[in-house]
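Asks: My structure is below; once you've seen it, I'll send some questions.
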Amino acid sequence: VNEYILLFTKIALSTGARLTSVLTITKADVNLNQETITIKNHKSSRTYTGHIHSSLKPLLEARMKNLSPIDYIISGTPNVMDRTSINKVLQPIFDELFNKGLPSDDRKRRVVIHTLRHTFASLLAINGTPIFTIKKLMDHSDINQTMRYAKLQPEAGANAVKGLEIWVKLDILPLVN
């Protein structure tokens, strides 16, 4: 797989950023010391902070060596890579691995580039990340957008109650007759 495709995929899975947001990350947006990336949310015209996963850091370090601050990480130049260039490479891979036998208009079950964003949020939820943290990391404007991932945390309530220390404290109280 091409270096820029691997980098794109790892950034998307590490930050949950949308396709255009990943393509418009510049060298100046990456802070390797703090392990953060400033992400432009083109849908809402805001910026937010993404975090660099440990497996992504060496790839970013190598990629950024010869870039100027205004160069885009994915294209390696001051010009943004066209979104169809990424799609032309990744979609056939997704089709081969995940979409065999699915109709091309099956928007619910087909894996597409945006699925990387949903995968990021789903993995956070499965790992017990609080829903408001997921909202912040996804830069959702409304908590209802994030709530679709709450169903992936069915044990969250039970685990929260089991973790309460109140029962220990009640055991040491004198019994009242």
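Asks: Taking the chain as a Gaussian network, Cα atoms linked when under 10 Å apart, which of L19, L102, L56 shows the biggest mean-square fluctuation?
Replies: Ranking L19, L102, L56 by mean-square fluctuation puts L102 first.
Asks: Also: Amide H of N41 versus every other amide H placed in the peptide plane: which residues, excluding those fewer than 5 positions away on the same chain, fall under 5 Å?
Replies: Hits under the 5 Å cutoff: R46, T47, Y48.
Asks: Another one. Using θ = phi - 60° and the Karplus relation 6.51 cos²θ - 1.76 cosθ + 1.60, list the HN-Hα couplings for the stretch 32-44 in order, rounded to whole Hz, with x at every Gly or Pro.
Replies: Working through the residues one at a time gives 5, 5, 8, 6, 10, 9, 7, 10, 8, 8, 6, 5, 10 Hz.
Asks: Among T115, T77, T24, which one shows the highest mean-square fluctuation when the chain is modelled as a Gaussian network with alpha-carbon springs under 10 Å?
Replies: Ranking T115, T77, T24 by mean-square fluctuation puts T77 first.
Asks: Related question: Residue by residue through the stretch 117-122, which ³J(HN,Hα) values in whole Hz follow from phi under the Karplus form 6.51 cos²θ - 1.76 cosθ + 1.60 (θ = phi - 60°), with glycine and proline marked x?
Replies: 5, 5, 4, 4, 5, 5
Asks: Take K100 and S44, extend 7 Å from each Cα along the Cα→Cβ direction, and tell me the distance between the two endpoints in nm.
Replies: If labels sit at K100 and S44, their model points lie 4.0 nm apart.
Asks: Another question, if that's okay. Averaging over all projection directions, find the projected area of the Cα convex hull of the stretch 1-65 and quote it in nm² with one decimal place. Kindly include the intermediate steps, with their values, before the conclusion.
Replies: Working: hull surface 16.6 nm².
Projected area, direction-averaged: 4.1 nm².
Asks: In debye to the nearest 20, how big a dipole does the chain give about its Cα centre with +1 on each Lys and Arg Cβ and -1 on each Asp and Glu Cβ? Walk me through the numbers before you get to the answer.
Replies: Values: 23 positive and 15 negative charges, 71 e Å.
I would put it at about 340 debye.
Asks: Still on this structure, I have one more. Run the simple label-point estimate for E35 and I70 please: 7 Å along Cα→C-beta, distance reported in nm.
Replies: It is 3.2 nm.
Asks: Checking the cross-link filter: which lysines have an alpha carbon closer than 19 Å to that of K40, excluding same-chain neighbours under 8 positions apart?
Replies: Within the straight-line limit of under 19 Å, K40 reaches these lysines: K10, K27, K135, K136.
Asks: For the chain, modelled as a GNM with alpha-carbon contacts under 10 angstrom, which of P103, P130, P69 fluctuates the most?
Replies: P103
Asks: Output the antiparallel fraction of DSSP beta bridges having both residues in the chain, as a percent to the nearest 5. Display every interim value, and only then the final one.
Replies: Numbers: 9 of 9 bridges.
Percentage antiparallel, nearest 5: 100.
Asks: Something else now. When the chain is fully extended, how far beyond the present Cα-Cα distance does Q145 get from N127, taking 0.36 nm per residue of separation? All intermediate terms of the calculation are to be shown ahead of the outcome.
Replies: Details: separation 18, 0.36 × 18 = 6.48 nm, distance 1.87 nm.
Result for the pair: 4.6 nm of gain on full extension.
Asks: Another question, if that's okay. Looking at [x] 9, 36, 36, 18, 2, 0; [y] 9, 28, 32, 22, 7, 1; [z] 9, 31, 30, 16, 7, 4, 2, 1, which value of P(r) over Cα pairs in 10 Å bins from 0, in percent comes from a calculation on the structure shown?
Replies: [z]
Here, each number is a calculation from the coordinates, and none is a lab measurement. Computed from a predicted model, the values in this text were never measured in an experiment. So basically every Cβ, Gly included, is an ideal-geometry build from the backbone, and we count neighbours across all protein chains shown.
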